[in-house]
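Here's the structure we're looking at; comments come further down.
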Amino acid sequence: EQRVYGPLFEVLKANNNADAYIRHAAVHALAELSPNPDDLFHAWKLAGEKSDVPAVRLGVVLALRKGQGRKLAEFVADADPTVRVEAVRAIYDANVADGLPAVAKLADAPGLPEPVAYRALAAAFKLGRAEDAARLATFAARTSEPAHLRVAAMKLLADWPHPPRRDPITGLVGETVLADRPAAVAADAARPVLRQLFVGPNEVRTAAVAVTSKLGVT
């Protein structure tokens with residue numbers, strides 16, 4: 001495996017993201033050589049410290065995205081912000097179901113980059129568990145978050161019982177349409193943070209009125 005993948009890891013490392021064309025060529029080659037994306041991930045792990053640099057990790061993430069590799073979830077907490085963002089984009093935008101729980105969990109942390117925050121919220125909405133409804137409500141109530149992100153979280157919470165066909169991130173109609181879900185799950189998530197939902201500028205308070213009315217929370 002190292003004879004196959006090693007030279008491409010070296011190309012990514014030497015390029016160090018300086019030339020996007022070289023990176024793209026290396027990523028494309030890695031994807032073409034990896035009909036099973038897990039093989040690529042294991043080869044990268046076996047390469048050890050010499051390939052454990054941001055430029056190589058980014059290349060691996062981009063190649064795994066092409067094959068919708070399950071191991072993308074290993075990179076959502078990467079030390080490099082660019083690798084983290086691309087891993088989250090890959091999981092959500094390419095609909096890698098195994099990685100969605102890891103992406104949704106990111107919403108628990110404040111101050112996320114916007115591309116990550118939007119996808120973390122949308123992943124929680126898509127998963128549809130009670131813990132995910134609570135995650136959306138908690139995020140919406142966090143006054144340290146930008147108003148537009150809090151509004152986005154409330155909009156998803158309001159749509160919880162009847163998910164729209166169109167994906168909130170990609171704008172596409174998914175192959176798998178989310179089924180209707182009990183409004184009570186979202187309502188129960190909103191009640192503990194009800195006061196905080198109304199703390200903020202006008203657009204936040206307006207969204208809070210809309211979500212509580214839609215869920216029947218008084």
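The values are calculated or read from the model by the stated rules, or taken from the named source; none is laboratory data. Owing to the predicted nature of the structure, the values given are computational and were not obtained by experimental measurement. Glycine also receives a Cβ, built like all others from the backbone with ideal geometry; neighbour counts cover every protein chain displayed. SASA here: full protein model, heavy atoms, side chains in, ligands and nucleic acids out. Shrake-Rupley method; radii C 1.70, N 1.55, O 1.52, S 1.80 Å.
Compare ASP180, ASP80 by solvent-accessible area with a 1.4 Å probe and give them largest first, with all protein chains kept in place.
Numbers: ASP180 105, ASP80 40 Å².
These residues rank, largest area first, as ASP180, ASP80.
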Inset, instruction - Sum up the charges of everything whose Cβ sits under 12 Å from the Cβ of HIS162, counting Lys and Arg as +1 and Asp and Glu as -1, but leave HIS162 out. - result: +1
Legend entry - Selection from ALA94, ALA123, SER51, by position along the positive dipole direction of the stretch 23-143 (Cβ): ALA123
Inset, instruction - Work through the residues other than VAL103 whose Cβ is under 10 Å from its Cβ and net out their charges, Lys, Arg +1 and Asp, Glu -1. - result: +4
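Counting Lys and Arg as +1 and Asp and Glu as -1, what is the net charge of the other residues whose Cβ lies under 14 Å from the Cβ of ALA79?
On the way: positive: ARG57, ARG84; negative: GLU49, ASP52, GLU74, ASP78, ASP80, GLU86.
Neighbourhood net charge equals -4.
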Legend entry - the stretch 90-134, relative contact order in percent, only Cα pairs under 8 angstrom and at least six apart counted: 35
Legend entry - Choice from VAL11, VAL88, VAL185 showing the highest fluctuation, given a GNM over the chain with Cα pairs closer than 10 Å: VAL11
Inset, instruction - State to the nearest 20 debye the size of the charge dipole of the chain about its Cα centre, where the only charges are +1 on K and R beta carbons and -1 on D and E beta carbons. - result: 600
Inset, instruction - Rounded to whole Å and ordered largest first, report the semi-axes of the equivalent ellipsoid of the stretch 158-218 derived from its Cα gyration tensor (root of 5λ). - result: 24, 15, 8
Inset, instruction - Any chance you could check the Cα centroid distance between the stretch 1-77 and the stretch 159-216 for me, in angstrom? - result: 38
Inset, instruction - With 30 Å as the limit, write out which pairs from LYS71/LYS214; LYS50/LYS126; LYS45/LYS155; LYS66/LYS126; LYS66/LYS214 have Cα-Cα distances beyond it, or answer none. - result: LYS71/LYS214; LYS50/LYS126; LYS45/LYS155; LYS66/LYS214
Inset, instruction - Give the ranking of TRP44, TRP160 by solvent-accessible surface, highest area first, calculated with a 1.4 Å probe. - result: TRP44, TRP160
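About its Cα centre, how strong a charge dipole does the stretch 125-218 have in debye, to the nearest 20, once Lys and Arg get +1 and Asp and Glu get -1 at the Cβ? List each step's numbers first, then the result.
Working: 13 positive and 9 negative charges, 39 e Å.
Dipole of the stretch 125-218, to the nearest 20 debye: 180 debye.
Can you give me the relative contact order of the stretch 5-106 as a percent, contacts being Cα pairs under 8 Å and 6 or more apart?
About 23 percent, as a whole number.
If one computes P(r) from the Cα atoms of the stretch 54-132, what percent of pairs lie at distances over 17 Å? Could you put the intermediate results ahead of the total?
Values: 1118 of 3081 pairs.
Tail of P(r) above 17 Å: 36 percent of Cα pairs.
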Legend entry - Fluctuation leader among GLY111, GLY171, GLY59 - the chain, Gaussian network, Cα springs under 10 angstrom: GLY171
Legend entry - Between 0 and 90°, nearest 10: helix 54-66 axis offset from the chain longest Cα axis: 70
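Work out, in µm²/s and without decimals, the Stokes-Einstein translational diffusion coefficient of the chain at 20 °C, 1.002 mPa s, Rh from Kirkwood over C-alpha pairs. Working shown, then result.
On the way: Rh = 18.5 Å.
Estimated via Stokes-Einstein, D reaches 116 µm²/s.
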Inset, instruction - Order the following by accessible area, largest value first: TYR118, TYR21, TYR5. Probe radius 1.4 Å; ligands, DNA and RNA are ignored. - result: TYR21, TYR118, TYR5
